[in-house]
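The values are calculated or read from the model by the stated rules, or taken from the named source; none is laboratory data. Only a predicted model underlies this, so the values are computations on that prediction, with no experimental measurement involved. Glycine also receives a Cβ, built like all others from the backbone with ideal geometry; neighbour counts cover every protein chain displayed. We work out accessible area using only protein heavy atoms, side chains counted, and drop any ligands, DNA or RNA first. Shrake-Rupley method; radii C 1.70, N 1.55, O 1.52, S 1.80 Å.
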Amino acid sequence: MDSIALHDVIESFFDSAPPLKDAAKITDNLKKFIESISPVSGEGKGRRVVCVTSGGTTVPLEQRCVRYIDNFSSGNRGAASTEYFIKAGYAVIFLYRRGTCQPYCRSLPDDPLLECFEFADELDVQVRKPYSEAVKGTIRNHHAAVSSGLLLKLPFTTIFEYLQMLRIIAISMRSLGPQAMFYLAAAVSDFYVPWKSMAEHKIQSASGPLDMRLMQVPKMLSVLRTEWTPMAFCISFKLETDSKILLEKASTALKKYKMHSVVANELLTRKEEVTVVTTDQNILVQRDKTRVDSDVEDPLVELLVDKHSTYIKESST
Ligand code: PMT
């Protein structure tokens, strides 16, 4: 598809999408967040900002949605990476799927409210002993990140919300120039039902087998790079289940969408290792296996922060 045709497909995707609720409020929150950390305020001069996308988008099958297509993503990659970016001094816009893994909550059990608390007496509730340190750590770190203005969390559910929000974020971050980074770890749906051809009401099972045509979701990566925020440092992800095709697909994506790096990962080993694919080398990044609680996101973010520093230096010369 040539760039004019792609542009038309992207515009028609946005024109036909249901309007984003709270778009004005989201834009306003972003403006305040970016102003508070950008040079305009004088404070925190030159702080870098990364937009971390996390979790999977849903594809509704009905306008008054009862059923939808979903994917496997837990949001662990995005949540863990957010913690390491904040540790490295970045401000993070965390664009995440509602209900998925959150920064600083990874060491809590699945049902934290019920498992971490107990009645101290008839009226008061207290933290159960085994979870005391984890709960304190979660509250301390999360509050510190939010109150120091380093973490802005924006939730999405559907593919329509995700792409509209990504566009708003990218345009808001344009003023940051090369200080801005995109770290696109969300698992974005490749196929969708256009809003206008979607059934309004619950699809009836009595009508027999369901025959439904899914359209291809236009890849927004090239328009993000070339139009929305052309100076930002962009990292996309490539997920495959077949290791034989993974690196080649990542390398194709790098060139096709003009990404600065592509993080290639395989479904089964994604928590152990990833490969960072760039124009001149492929770098294998592994979790520190000598520690049970280590994350592959720790060395991954360190490497990407380093590459971002080089990019900023080169952009200013
Ligand atoms: O959340 P976890 O369980 O921790 O898992 C993490 C992860 C495996 C989801 C993550 O590491 C990852 O690989 N995310 C990207 C998965 C994916 O959607 O890969 P893809 O090959 O379909 O897409 C490649 C890139 O294109 C992605 O950066 C995506 O943001 C982008 N994309 C995809 C589809 C689309 N229509 N438009 C896009 O822009």
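Here are a few things to note about the model shown:
- Here I37, I4, I69 are screened, and the one residue that is at pLDDT below 95 and surrounded by fewer than 19 Cβ atoms within 10 Å (Cβ to Cβ) is I4.
- Those residues of region 256-293 which are more than 30 Å from D2 (Cα to Cα) and of a type in the set (S, T, N, Q), in sequence order: T269, Q286, T290
- Counting the residues of region 200-256 that are within 20 Å of Y311 (Cβ to Cβ), more than 9 Å from the ligand (Cβ to nearest atom) and part of a strand (DSSP E or B) gives 2.
- Strands (runs of 3 or more DSSP E) wholly inside region 77-132 containing at least 1 residues that are touching a residue at least 24 places away in the same chain (Cβ under 8 Å) and away from the ligand (no atom under 16 Å from the Cβ): 91-97
- From the list S148, S197, the one residue that fits, being closer than 17 Å to I37 by Cβ and without any contact (Cβ under 8 Å) to a residue 40 or more places away in the chain, is S148.
- Residues being open to solvent by 60 Å² or more (accessible area, probe 1.4 Å), more than 10 Å from the ligand (Cβ to nearest atom) and either among the β-branched types (V, I, T) or in a loop (DSSP other than H, G, I, E, B) (or both) - total across region 257-274: 3
- Residue that is modelled with the lowest pLDDT, among those in region 275-317 that are open to solvent by 100 Å² or more (accessible area, probe 1.4 Å) and among the hydroxyl-bearing types (S, T, Y): T317
- Answer residue from region 153-195, given it is of a type in the set (D, E, K, R) and more than 15 Å from the ligand (Cβ to nearest atom) and is nearest to D70 (Cα to Cα) among those: K153
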